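See structure below.
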Amino acid sequence: MPTGYTIEDQEGLYFLTLQVVGWVDLFTRQTYRDIIIDNLNFCQNKKGLNLFGYVIMSNHPHLLAQSDYGRLSSVIRDFKSFTSKCFLVNIQSEKESRREWMLNYFEFAAKKHKRNSNYQIWKHENHAEHIYTEKFMAYKLDYIHSDPVRSGILESTEVYIYSSARNYADMDAIIDIDLLSLKWKTY
């Protein structure tokens, strides 16, 4: 069922939450987080994705993103489709202790929707919130960077390598982003 959080302005800046079905903690493994990073890089270089902020949590990434070509929905759809295929390959071929459970769960989730094939990893919705003011943009960027701290994973935002907080703190980062000109604070 649609939530109402949809991308309506394809050229707009959006805060996105991409959720794994059932909040399965897929991204507790580095291999799956790296798939996200590799594919964000690809979308930036080949699909016109402008990435201004991100964090990868255990069962969802948050993105602050926009499309160069006015096709943000298409970029996110392709990103989710390709990463799903990569996740499944890894689940089936790597030493994944949760393999049977995850495959059964993702297969069960796929049966709930007619448009799925054999497995569903991502929820169909993107929980997209249109960014309409600089104040709201700063709030959402702070929300993204603070998520690991709020979750009790870390005490400082810049320590987490799977977050753009490192980019904004002028530290080595695993992916380049488009930095926003905002007054920045550290924790």
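What follows draws every value from the coordinates through simple rules; no lab data is involved. Being a predicted model, the structure only gives us computed values, none of them experimental. When we count neighbours, we look across all protein chains shown, and the Cβ atoms used for this are built from the backbone with ideal geometry, even at glycine.
Summary table below
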| item | result |
| --- | --- |
| Nearest 10 degrees, 0 to 90: helix 30-46 Cα axis against the chain principal axis | 60 |
| Helix 72-93 axis, angle to the chain major axis (alpha carbon atoms, nearest 10°) | 50 |
| Listed residues GLN66, GLN92, GLN120, most fluctuating in the chain (Gaussian network, C-alpha, under 10 Å) | GLN92 |
| Model label zone, ARG77; criterion: amide N under 15 Å from point 7 Å along Cα-to-beta-carbon; scope the stretch 115-136 | 115-117, 124-126 |
| Order of HIS124, HIS145 - criterion: other Cβ atoms within 10 Å of each residue's Cβ, fewest first | HIS124, HIS145 |
| Helix-only CD estimate at 222 nm, as mean residue ellipticity for the chain, using -39500 (n - 2.57) per DSSP H run (n ≥ 4) | -12500 deg cm²/dmol |
| The chain - charge dipole about Cα centre, Lys and Arg +1 at Cβ, Asp and Glu -1, debye rounded to 20 | 680 |
| Cα Rg, Dmax (largest Cα-Cα span) when computed across the stretch 81-187, Å | 18.0, 47 |
| Exposed-site-free run, longest, the chain (rule: GluC sites (Glu not before Pro); DSSP loop; at most 13 other C-beta within 10 Å) | 12-93 |
| Value of Rg/Rh across the stretch 53-104 [Cα atoms, Kirkwood radius] | 1.08 |
| Filtered trypsin sites (Lys or Arg not before Pro), the stretch 133-186: DSSP coil and at most 14 other beta carbons within 10 Å | LYS183, LYS185 |
| Cα-centre dipole for the stretch 84-178 with unit charges at Cβ (Lys and Arg positive, Asp and Glu negative), debye to 20 | 820 |
| Fraction of alpha-carbon pairs over 20 Å apart in the chain - percent | 54 |
| Charge-dipole axis of the chain as Lys and Arg at +1 and Asp and Glu at -1 on Cβ define it, positive-most pick from LEU49, SER163, TYR119 | TYR119 |
